[in-house]
Amino acid sequence: MFHKEGQKIIITTFFLVVAAVLAAQYYIDVEWIRYVVQIAALFVLIAILQFFRNPKRLVTPNFDEILAPADGKIVVIEEVEETEYFKEKRKQVSIFMSPTNVHVTRYPASGTVTYSKYHPGKYLVAWHPKSSTENERTTIILHTPKFGEIGYRQIAGAMARRIVNYAEEGEQVTQGEDAGFIKFGSRIDLLLPLDCDITVELNQKVVGALTCIASVRPLDDQ
């Protein structure tokens, strides 16, 4: 299954690869060069297909958990002063996606979209500390039943040049559903309440819509 955002690129690449393979077959006389060109063309098609893959994941919405919005590796867990929307301290958990990860963004929780804004910006490498505030990005806020308002940011990386965001203000969304896509190398920041319990560790690999990132703190611990 492939993401709809990749359909045009996949179709275009397919025809270009077929043309390259046929051209090499008829116009390149040196056998080993012909094979190299054909294999390289097929490798490009395979790389595009794997990048735009969109595996289906069955999710039973859980109001007590925040799920990973994307596949990748945890690169930041810290308290930050969020200045765009909350204007207060938040727990930030950041997921870095390499080009080999699934790049679908999924809603980390069920709730109502209260804020959704796109920001043009730079294309610093996704792990750069300033990428959260200076790179091309979108900021989405969800009002959830148990956590109150939580936020997440889709952040373009050095290779990314287009962020797709489906969240619209006022929309009711369901945990695990498709929320967008970031093309080629990127990062997602979660902005969570200080009183939630973070359930992941630095450098841990996470799976979108399956790995629990944070849970509601038990009343005895609050």
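Structure data summary
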read-out: In degrees, nearest ten, helix 31-51 long axis to first principal axis of the chain (Cα); value: 20 degrees
read-out: Percent of C-alpha pairs per 10 Å bin, the chain, short to long; value: 8, 31, 32, 14, 9, 4, 1, 0
read-out: S215-E169 pseudo-label distance in nm [points 7 Å out on the Cα-to-Cβ vector]; value: 3.5 nm
read-out: Per residue value of the accessible surface for the chain (all protein chains in place, 1.4 Å probe), Å²; value: 52 Å²
read-out: Approximate spin-label separation T100-D195, in nm, with each point projected 7 Å along Cα-to-Cβ; value: 4.2 nm
read-out: Whole-percent carbon and sulfur share, accessible surface of the chain, 1.4 Å; value: 59 percent
read-out: Estimated inter-spin distance, I77 and I11, nm [label 7 Å along Cα→Cβ]; value: 4.4 nm
read-out: 5 angstrom amide H check on Q204, placed H, neighbours 5+ away; value: I74
read-out: Among 139-150, 56-67, the order from most to least packed when residues are scored by Cβ within 10 Å on average; value: 139-150, 56-67
read-out: Average Cα contact separation per residue, the chain, under 8 Å, 6 or more apart, as relative contact order %; value: 24 percent
read-out: Debye, to nearest 20: dipole size of the chain, +1 on Lys, Arg Cβ, -1 on Asp, Glu Cβ; value: 800 debye
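The values are calculated or read from the model by the stated rules, or taken from the named source; none is laboratory data. Quantities reported herein were computed from a predicted structural model and do not represent experimental measurements. We place every Cβ from the backbone using ideal geometry, glycine too, and count neighbours over all the protein chains shown. The accessibility values were calculated without ligands, DNA or RNA, using every heavy atom of the protein model including side chains. Shrake-Rupley method; radii C 1.70, N 1.55, O 1.52, S 1.80 Å.
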